[in-house]
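Notes for the one structure printed next.
Computed from the coordinates by the stated procedures, all read-outs in this text should not be read as laboratory data. Please read these numbers as outputs of a predicted model, since none were measured by experiment. Note: ideal-geometry Cβ built from the backbone for every residue, glycine included; neighbour counts use all protein chains shown.
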There are 2 protein chains.
Amino acid sequence: MSDMRNELLTSAEGLIRRRGYSGFSYADLSDRVGIRKASIHYHFPTKEGLVATVLQTYRDRYMGALHRIEENFGNALDRIDAYGRLYLIGVDKGLGCLCAALSSELEILPVDLRTGTVAFFREHLAWIEKIYQVGRQNAEVNASLDDLQAARIVVSSLEGALMIERLLDGSAGFEITMKAIRTSLSPPILVNATRAG
Amino acid sequence: MSDMRNELLTSAEGLIRRRGYSGFSYADLSDRVGIRKASIHYHFPTKEGLVATVLQTYRDRYMGALHRIEENFGNALDRIDAYGRLYLIGVDKGLGCLCAALSSELEILPVDLRTGTVAFFREHLAWIEKIYQVGRQNAEVNASLDDLQAARIVVSSLEGALMIERLLDGSAGFEITMKAIRTSLSPPILVNATRAG
DNA sequence: AATTATCATCCTACTAGTAGATAGGCAAGC
DNA sequence: GCTTGCCTATCTACTAGTAGGATGATAATT
């Protein structure tokens, strides 16, 4: 892959994450990478194709990161914490989630971008479900949440927090949500397992 | 306020929540309300002004709903549940959150829309914080989360879930997140308050 | 080694279509 | 007779995308 092609992909990703799909143009891209609009069409004939490639790259990068988290962390809560810090990078750079940006324009989104976005979220949910399941077997997590619930609240709240804190309080705000997630997923503090009823 | 003006506001809100700010045009609006593009400019001279009005209406409607929830529900968890069901309406109708759509285009968003979006989220966070504080005083909620944390995880996860489940599993998926929130905010099940250390 | 052909990458110049917005006119109602 | 609410026609700026040519590096041929 040529340098220019990669530069285009990187620049396009940033633009979409800051402006949305309809909100960026080949002219914007041209300003940033330093070649003419028509030359961009040489590398990516259509905008849809360009963004489809951006999306695939984004998914691959995340899947790689998830794999590395599993290698580097053993505890379920630490793994989920590390997962949350992936989003934090976006907050710091002022970048929203690519798939959040795409989903905001759902109705006018080309089908392949839609299916790619769906796949992104399913990949993430499935991963958290797996992590939580292992965590439950090791008694590392709050068992009053099942795997589906845990995955849902983790991905949802991190996606939501990334969107909100980019507008409000940045990483400081984001970390409040991260702390709340960890507290919610932690096993209840040392209990005599007494139960009502 | 004339009927046409309200029709335009309603139609514009729907379009933004399904297509984003850059993703909808006066031509789209014209198709839906049945008057010409130029006539829309009579009611709303600029797109920015139109959307600013849409946003204010949206905020007002939500604030009214929050007020009604306080009147109709006494328990903190029931109030937060009712709050979550406001989002659920969007999931059912295939509509994302207006402010989520706007925030996806942050970098190219006119300033007044940005400040309105910020205000929306601050209003919601402040409301949940208040509800949770009262709930804590009445021992209705999980005290291991403070008000800021509770508000953050509620608003973030509901915003995230609305975005995600519109793509994935609709209201069925959304309710998993809602259940997870309620579990997380509930006081830990009957405990002897034994503590380590 | 010199020459030729091929290919990758960029360019200028252009298309048709759409964006938000304006000018000025027409009809109905108070 | 002025205001309200719509119209047609038009404007400029921008959209994604195309046509065809210039450049320069590499490969193939002589």
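Just one of (1) under 22 Å from B:Leu145 (Cβ atoms); (2) in a loop (DSSP other than H, G, I, E, B); (3) not polar (S, T, N, Q) fails for A:Arg152. It is (2). Every condition in (1) surrounded by 17 or more Cβ atoms within 10 Å (Cβ to Cβ); (2) more than 8 Å from chain B (Cβ to nearest Cβ); (3) of a type in the set (Ser, Thr, Tyr) holds for A:Ser171 except the one numbered (1). Does A:Val111 satisfy being more than 11 Å from chain B (Cβ to nearest Cβ) and over 27 Å from B:Leu185 (Cα atoms)? Yes; evaluated as a whole, the condition is true for this residue.
Within the set B:Ala101, B:Ala65, B:Ala82, the sole residue that is under 28 Å from B:Asp147 (Cα atoms), more than 16 Å from DNA strand D (Cβ to nearest atom), of a type in the set (A, V, I, L, M) and buried (at least 19 other Cβ atoms within 10 Å of the Cβ) turns out to be B:Ala101. A residue that is in contact (Cβ under 8 Å) with a residue 24 or more places away in the chain and either within 16 Å of DNA strand C (Cβ to nearest atom) or of a type in the set (Lys, Arg) (or both) cannot be found anywhere in segment B:62-72. In segment A:1-17, of all residues being within 14 Å of DNA strand D (Cβ to nearest atom) and under 20 Å from the mean Cα position of the chain (by Cα), the one that is surrounded by the fewest Cβ atoms within 10 Å (Cβ to Cβ) corresponds to A:Ser11. Surrounded by 14 or more Cβ atoms within 10 Å (Cβ to Cβ), farther than 25 Å from B:Ser186 by Cα, more than 13 Å from the chain's Cα centre (by Cα) and among the aromatic types (Phe, Trp, Tyr), is that true of B:Tyr58? Spelling it out, it is not the case that B:Tyr58 is surrounded by 14 or more Cβ atoms within 10 Å (Cβ to Cβ), farther than 25 Å from B:Ser186 by Cα, more than 13 Å from the chain's Cα centre (by Cα) and among the aromatic types (Phe, Trp, Tyr).
Checked against (1) over 21 Å from A:Leu167 (Cβ atoms); (2) outside any helix (DSSP H, G or I), B:Gly96 meets all criteria but (1). For segment B:3-47, a tally of residues being within 13 Å of DNA strand C (Cβ to nearest atom) and either aliphatic (A, V, I, L, M) or more than 14 Å from chain A (Cβ to nearest Cβ) (or both) returns 20.
Considering the conditions (1) more than 14 Å from chain B (Cβ to nearest Cβ); (2) within 16 Å of DNA strand C (Cβ to nearest atom); (3) of a type in the set (Ser, Thr, Tyr), A:Thr57 is excluded by exactly one of them, (2).
Output yes when any residue across segment B:63-78 is part of a helix (DSSP H, G or I), farther than 25 Å from A:Leu15 by Cβ and touching a Ser or Thr at 6+ places or on another chain (Cβ under 9 Å), and no when none is. Yes, segment B:63-78 has at least one match. Apart from one condition, B:Ser103 fits all of (1) away from chain A (no Cβ under 14 Å); (2) polar (S, T, N, Q); (3) in contact with a Ser or Thr (Cβ under 7 Å, 6 or more places away or on another chain); the exception is (1). For segment B:117-161, the set of residues classified as closer than 30 Å to B:Gly94 by Cβ, small (Gly, Ala, Ser) and within 11 Å of another protein chain (Cβ to nearest Cβ) consists of B:Ala119, B:Ala150, B:Ala151, B:Ser156, B:Ser157, B:Gly160, B:Ala161, listed by residue number. Scanning segment A:136-145 turns up at least one residue that is closer than 20 Å to B:Val141 by Cα and loosely packed, with under 15 Cβ neighbours inside 10 Å. Residue check: A:Ser184 meets all listed conditions (1) farther than 21 Å from A:Gly94 by Cβ; (2) in a helix (DSSP H, G or I); (3) more than 9 Å from chain B (Cβ to nearest Cβ) but one, namely (3). Of the residues making up segment A:27-42, those that are away from DNA strand D (no atom under 11 Å from the Cβ) and out of contact with any Gly (no Cβ under 9 Å at 6 or more places or on another chain) are A:Val33, A:Gly34, A:Ile35.
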